[in-house]
Amino acid sequence: MSAVVPRLPDAVALCGHVTAVLESFLARKETAGAKVRMPAEVTQCLRDLAVGGKRLRPLLCVTGWQAADGRGIPEAVVRVAASLEMFHTFCLIHDDVMDDSGSRRGAPTVHRRLALHHGQGRGALAAERVGASCAILIGDLALAWSGELLHAAGLTPRQLDAVLPLVDEMRSEVMYGQYLDVTAAGRPTTDVDQALRIARYKTAKYTVERPLHIGAALVGAPPAVYEALSAYALPVGEAFQLRDDLLGVFGTPEVTGKPVLDDLREGKHTVLAALALQRADRDQHRALHSLLGRPSLDEAEGAHLREILTATGARHEVENMIRTLRARALRALDTAPFPPTAIAHLRQLTGPALARTS
């Protein structure tokens, strides 16, 4: 009989168990790599990134299991949850390369770290290229290893048959979302609907909806449960990305662990930028088009953009949208066919996820 870990809402214990699964898995990979003299920094980079974080996706996966009336928290469910955290690690590494971000959780991003590690004797551009290339490969390993964790979780054939199509969909959705994000960067428009579509596919589905669906699939949930989970998950996931967009511009780097100029320099097509462009007067419109997406944007120019984003009411409107989406998600729980403990935990998760400062 498989081990059972503590029931939610003991989220701290669950997060600790997920971390232990990841640490054990990466320790085995490190040992296997050392036997054939593979570089130790590969698993070290993954360990440093994967063992941190809020564990939102694993928590939601286990909550999806409970929403479908799963009993206890079997070891196999925790291992599936850990595979989602490894997939998230892949997403973070590749996202940082695409955005050329310098820091993540207050430490150098993987590609910057590897550029320093392998940069001796190379020019600056060559070091950056090596760092980015190595980070892409380590991200690819995280993607492959997330699949390995899933297949080694101890699921029954029926559970695997139910989960694998959802995992495939999740992978495709987030990559399409990232593709939309990359191709829209540098040319933000007034199209709020497109910005929301990017948020849905880049973040909402893989952060909230699919982890809940995957947890429910492990029980063999009926269609009504999936529909109710989506009614909650999509507004929460979109609000989560809207909060991330605000933190990316107005956050405190010491708290968020990320710079506040990256999104502005990239010219991200966010709801925040789209609303500002809609509402800007002639001078503000000119400044937005001149400064958004400027790679050399400095602190003073960033401060000017923040003033415009506030003066146009865009920042306030995004806060209103977050509140509206949160209310929609909570209303969906009023009629959801979930056990009371799952509903209580989803309500509990909604506040911190959307009011976060990091």
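How much mean residue ellipticity at 222 nm does the chain get from its helices, if each DSSP H run of length 4 or more adds -39500 (n - 2.57) and you divide by all residues, to the nearest 500 deg cm²/dmol?
So the calculated ellipticity at 222 nm is -23500 deg cm²/dmol.
With Cα atoms defining each centre, the range 287-315 and the range 55-131 are spaced 29 Å apart in the structure.
Think of each Lys and Arg Cβ as +1 and each Asp and Glu Cβ as -1; about the Cα centre, that makes the dipole of the range 157-358 roughly 320 debye. Pairs from the list Lys205/Lys258; Lys202/Lys268; Lys29/Lys54; Lys29/Lys258 with a Cα-Cα gap above 20 Å: Lys205/Lys258; Lys29/Lys54; Lys29/Lys258. The label-point distance for Thr310 and Thr189, in a model that sets each label 7 Å from Cα toward Cβ, rounds to 3.0 nm. Within the shell defined by Cβ-Cβ distances under 13 Å, the residues around Ser230 carry a net charge of -1, with Lys and Arg each +1 and Asp and Glu each -1. The three principal axes of the C-alpha atoms in the chain carry coordinate ranges of 67, 58, 31 Å, sorted with the longest axis first. Highest GNM mean-square fluctuation among Pro339, Pro157, Pro259, for the chain modelled with Cα contacts below 10 Å: Pro157.
In terms of other Cβ atoms within 10 Å, Cys91, Cys45 run from fewest to most in the order Cys91, Cys45. The charge dipole of the chain, taken about the Cα centre with unit charges on the Cβ atoms of Lys, Arg (+1) and Asp, Glu (-1), comes to about 460 debye, rounded to the nearest 20. Most tightly packed first, judged by the mean number of other beta-carbon atoms within 10 Å of their residues, the peptides 208-219, 135-146 read 208-219, 135-146.
May I ask for the net charge around Gly52, where only other residues with Cβ less than 11 Å from the Cβ of Gly52 are counted and Lys, Arg are +1 while Asp, Glu are -1?
Overall, the nearby charge balance is +3.
Extension gain for Ala124-Met175 works out to 15.4 nm (0.36 nm per residue, less the C-alpha to C-alpha distance).
Values quoted throughout were computed directly from the atomic coordinates according to the rules given, and no laboratory measurement underlies them. Computed from a predicted structure; not experimentally measured. Counting neighbours? That spans all protein chains shown, and the Cβs are built from the backbone with ideal geometry, glycine included.
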